[in-house]
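Colleague: Below: one structure in structure tokens.
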Amino acid sequence: MSEKILQEISEQLQKGKAKAVKELVEKAVADGVNVKSILDDGLLSGMGIIGAKFKNNEVFVPEVLVAARAMNMGASVLKPLLAEAGVEASGKVCLGTVKGDLHDIGKNLVKMMMEGKGLEVIDLGTDVPPEKFIESAKENDCQIIAMSALLTTTMAAMQDVIEAAKTAGIRDDVKIMIGGAPVTQAYCEQINADCYTPDAASAAEAAAAFCKA
Ligand code: B1M
């Protein structure tokens, strides 16, 4: 029963039917389907299939964009449910996708999960230049700068943000967290970031731990 609706969510997402995806996600929630399963086996599964087709030139940018919109609509229904009752951390995070990079689905998931942990997230959006991360962290007194990158060509911008934090004299005051499909633990060590996590849920856990420390 739940497998059928998850399959439908995945299929409608691949077709870019945002309204149908939203309604199906609402129905799955009402039917008591596990929220993490809706995210992983419905929404992310559909996005994964689109990703593979994109790579093989079976679908192109417009199809991927409408699928991404459907993904964001579906995920927005889950947002309040991803909050873990009673697990409250207090802290502020500046979050964005690095300069030159327009991918925001992973970043939006990281935001949702962090907010679910009680953290305040200042969302700088996509294509964020290093100086904007720094200005915002200073202005808002953030404990964490969190960056997402999806392209091998843009992940180098993470190092630019670290250098800009050093130049601005705030490197010791903030933890720098990085993630995104091409990013690895080895890269984290190479650029002297503080933390790499492979997914949004573990990013939120690490951020909450930093803010409690
Ligand atoms: Co783009 N794209 N894209 N794309 N796109 C990829 C990333 C690609 C792998 C596709 C492919 O060829 N197989 C490829 C990158 C190749 C590379 O560099 N290695 C690629 C390319 C090449 C491009 C363009 C250059 C294509 C072109 O124009 N010729 C172009 C670049 C535009 C730009 O950014 N300047 C481009 C454009 C686009 C769209 C605009 C059409 C669209 C983005 C829409 C949007 O985001 N609103 C798009 C999409 C959707 C994808 C794929 C299909 C899906 C990405 C996604 O959202 N995944 C992607 C293929 C794929 O990944 N299979 C692809 C779902 C999302 C939940 O995963 O963001 O990885 P992800 O987040 C994960 C983890 O990585 C982690 O948490 C999430 C899971 O919980 N995570 C973090 C993410 N950020 C984190 C931060 C953290 C911790 C964890 O701490 C701070």
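Colleague: Taking the options Glu163, Glu135, name whichever one is open to solvent by 40 Å² or more (accessible area, probe 1.4 Å), part of a helix (DSSP H, G or I), more than 26 Å from Glu189 (Cβ to Cβ) and at pLDDT 95 or above.
Modeller: Step by step, each of Glu163, Glu135 is checked, and only Glu135 is open to solvent by 40 Å² or more (accessible area, probe 1.4 Å), part of a helix (DSSP H, G or I), more than 26 Å from Glu189 (Cβ to Cβ) and at pLDDT 95 or above.
Colleague: I'd like the residue in region 138-150 that is open to solvent by 60 Å² or more (accessible area, probe 1.4 Å) and not charged (D, E, K, R) and, out of all such residues, is farthest from Ala193 (Cα to Cα).
Modeller: Looking at residues that are open to solvent by 60 Å² or more (accessible area, probe 1.4 Å) and not charged (D, E, K, R), I get Leu150.
Colleague: Of the residues that sit in region 99-132 and are surrounded by fewer than 22 Cβ atoms within 10 Å (Cβ to Cβ), at pLDDT below 95 and away from the ligand (no atom under 12 Å from the Cβ), which one is nearest to Ile176 (Cα to Cα)?
Modeller: Glu120
To keep it simple, each residue is scored yes or no on (1) in contact (Cβ under 8 Å) with a residue 40 or more places away in the chain; (2) within 14 Å of the chain's Cα centre (by Cα); (3) in the same structural domain as Glu135 (by TED's automatic domain parsing).
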{"site": "Ser10", "(1), (2), (3)": "no, no, no"}
{"site": "Gly32", "(1), (2), (3)": "no, no, no"}
{"site": "Ser45", "(1), (2), (3)": "no, no, no"}
{"site": "Lys53", "(1), (2), (3)": "no, no, no"}
{"site": "Val61", "(1), (2), (3)": "no, no, no"}
{"site": "Leu81", "(1), (2), (3)": "yes, no, no"}
{"site": "Val98", "(1), (2), (3)": "yes, yes, yes"}
{"site": "Ile105", "(1), (2), (3)": "yes, yes, yes"}
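Colleague: Return the pair list, or none, for Cβ contacts closer than 9 Å from residues in region 136-148 that are free of Cβ contacts under 8 Å to residues at least 24 places away in the same chain to residues that are more than 8 Å from the ligand (Cβ to nearest atom), at least 6 apart or on different chains.
Modeller: Here the result reads Glu139/Ile122, each pair linking region 136-148 to a residue that is more than 8 Å from the ligand (Cβ to nearest atom).
Conditions (1) assigned to a helix (DSSP H, G or I); (2) more than 27 Å from Ala157 (Cα to Cα); (3) within 13 Å of the ligand (Cβ to nearest atom), marked per residue:
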{"position": "Asp40", "(1), (2), (3)": "yes, yes, yes"}
{"position": "Leu43", "(1), (2), (3)": "yes, yes, yes"}
{"position": "Met71", "(1), (2), (3)": "yes, no, yes"}
{"position": "Thr97", "(1), (2), (3)": "no, no, yes"}
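Colleague: Continuing with the same structure: Given the criteria closer than 30 Å to Val161 by Cα and surrounded by 16 or more Cβ atoms within 10 Å (Cβ to Cβ), does Val61 qualify?
Modeller: The answer is no for Val61.
Colleague: Here's a follow-up. Taking region 179-209 as the region of interest, how many residues are open to solvent by 20 Å² or more (accessible area, probe 1.4 Å), in a helix (DSSP H, G or I) and closer than 19 Å to Asp40 by Cβ?
Modeller: 3
Colleague: Kindly provide the set of residues from region 5-38 that are outside any helix (DSSP H, G or I), open to solvent by less than 70 Å² (accessible area, probe 1.4 Å) and either of a type in the set (Lys, Arg) or at negative phi (or both), ordered by number.
Modeller: Passing the criteria: only Val33.
Colleague: While we're on this one: Scan region 177-202 and report the pairs whose first residue is under 18 Å from Val161 (Cβ atoms) and among the small types (Gly, Ala, Ser) and whose second residue is more than 7 Å from the ligand (Cβ to nearest atom) and open to solvent by less than 20 Å² (accessible area, probe 1.4 Å), with Cβ atoms within less than 6 Å and a gap of 6+ or a chain change.
Modeller: Correct list of pairs: Gly180/Ala149; Ala193/Ile176.
The values are calculated or read from the model by the stated rules, or taken from the named source; none is laboratory data. The model shown is predicted, which means the values in this text are computed figures rather than measured ones. Cβ coordinates were reconstructed from backbone atoms using ideal geometry, including for glycine residues, and neighbour counts include every protein chain displayed. These accessible areas exclude ligands, DNA and RNA; they are computed on the full protein's heavy atoms, side chains included. Shrake-Rupley method; radii C 1.70, N 1.55, O 1.52, S 1.80 Å.
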